[in-house]
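Written out below as structure tokens is the structure these notes cover.
The values are calculated or read from the model by the stated rules, or taken from the named source; none is laboratory data. Just so it is clear, the model here is predicted, and its values are computed rather than measured. Neighbour counts run over all protein chains shown; Cβ positions are idealised from the backbone, glycine included. Surface accessibility is based on the protein's heavy atoms, side chains included, excluding ligands, DNA and RNA. Shrake-Rupley method; radii C 1.70, N 1.55, O 1.52, S 1.80 Å.
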Amino acid sequence: MTTVPFTKGHGTQNDFVLVPDLDGIRPLTTDEVRLLADRHAGVGGDGVIRVVATARAEEAEVRQQAGEAPWFMDYHNADGSPAEMCGNGSRVFAAYLQREGLVEDGDFRIATRGGPKAMTVTGEQYAVDLGPWHVVDPEGARQRGFDSTVRSRGGTELPALRLDLGNPHTVVILPPDFDLAELDLSEPPAVSPHPEHGTNVEFVRAIGPGHIAMRVHERGVGETRSCGTGAAAAALATRWWEGETDDNTDWAVDVPGGRVSVHALHDGHVELAGPAVLVADGMVTLPD
């Protein structure tokens, strides 16, 4: 049996277990990630973040980021699968680095499997430049107004738009007669065409100019109270359908766990901002 320290944190109730491994000497196995994320037998969370020096990361493409981003957010979904990036997780990761004195207050970069990400800390708000994004099939989407379809459990097939934000997203804008709260997201929605490596699926209700509400089924996790990259994808897809102008770059996105802000940057990047809370520290025993 091995005992390791952990910190529990959340960003708009999208929660994570952080495990410090600053010297990169103890990678977590898939089974260990699953146990840590288990809400009944473990600590419980939507994902697990190993905190490791970028120069000590296992992946060569991550180690290459060490010159500009000294700390690597080694993120895994609750099912143990590694993920490229997590928007809410990056804010919680930044809050941990700041609390532990591993970074200076203000601006810094973190390493992810989706490349280095710039963080800005202002008071209790954490903003992350998620980097460049794109519509997966812009030509097909322009021709039909959508490039895929999605059906929730027991629901109707609806048109959707696929976006890549370093991780995959499929966004649906609900027709006026559909109730966002009544959707059954207890199972992964059926997506056609289905991406080879799966996709996060966002269902969006337009509320007003620059304001949407969203529920999300995350790849490898299930429905979560919030998804940072999903909120950005939802806002960007809504803006794409609405028509991209200088007047619709800022969006408030309501999720079951709170509210985040999304800003479409002029360089083709997108920024996500919101709170991050560290709620508990402790020790957990993992079986050998």
Checklist line | All positions within segment 1-36 that are among the small types (G, A, S), touching a Gly at 6+ places or on another chain (Cβ under 7 Å) and farther than 17 Å from G257 by Cβ | finding: none
Next item on the list: Say whether the condition of being among the acidic types (D, E), out of contact with any strand residue (DSSP E or B) (no Cβ under 8 Å at 6 or more places or on another chain) and closer than 20 Å to D21 by Cα is met by at least one residue in segment 124-143.
Entry: no
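Residues are listed down the side, and each one gets a yes or a no for (1) touching a Leu at 6+ places or on another chain (Cβ under 6 Å); (2) more than 26 Å from E187 (Cβ to Cβ); (3) surrounded by 15 or more Cβ atoms within 10 Å (Cβ to Cβ):
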site: G208; (1), (2), (3): no, yes, no
site: I212; (1), (2), (3): no, no, yes
site: E223; (1), (2), (3): yes, no, yes
site: S226; (1), (2), (3): no, no, yes
site: G230; (1), (2), (3): no, no, yes
site: T245; (1), (2), (3): no, yes, no
site: N248; (1), (2), (3): no, yes, yes
site: R259; (1), (2), (3): no, yes, yes
Next item on the list: Tell me which residues, restricted to segment 198-240, are without any contact (Cβ under 8 Å) to a residue 40 or more places away in the chain and assigned to a loop (DSSP other than H, G, I, E, B).
Entry: G198, T199, P209
Next item on the list: Output yes when any residue across segment 136-152 is part of a loop (DSSP other than H, G, I, E, B), open to solvent by less than 50 Å² (accessible area, probe 1.4 Å), at pLDDT 95 or above and of a type in the set (D, E), and no when none is.
Entry: yes
Check: Out of segment 83-139, which residues are among the small types (G, A, S), touching a helix residue (DSSP H, G or I) at 6+ places or on another chain (Cβ under 6 Å) and more than 20 Å from P275 (Cβ to Cβ)?
Finding: A111
Check: Looking only at residues in segment 270-287 that are of a type outside the set (A, V, I, L, M, F, W, C) and surrounded by 17 or more Cβ atoms within 10 Å (Cβ to Cβ), which one is farthest from I173 (Cα to Cα)?
Finding: P275
Note to self: Here are the criteria: (1) farther than 24 Å from G220 by Cβ; (2) open to solvent by less than 30 Å² (accessible area, probe 1.4 Å). Tell me which single one T156 does not satisfy.
What the structure shows: (2)
Note to self: Restricting to segment 174-206, name every residue that is open to solvent by less than 70 Å² (accessible area, probe 1.4 Å), among the small types (G, A, S) and either within 24 Å of R259 (Cβ to Cβ) or under 16 Å from the mean Cα position of the chain (by Cα) (or both).
What the structure shows: G198, A206
Next item on the list: Tell me, please, whether a residue that is touching a Pro at 6+ places or on another chain (Cβ under 7 Å) and touching a residue at least 40 places away in the same chain (Cβ under 8 Å) can be found in segment 262-276.
Entry: yes
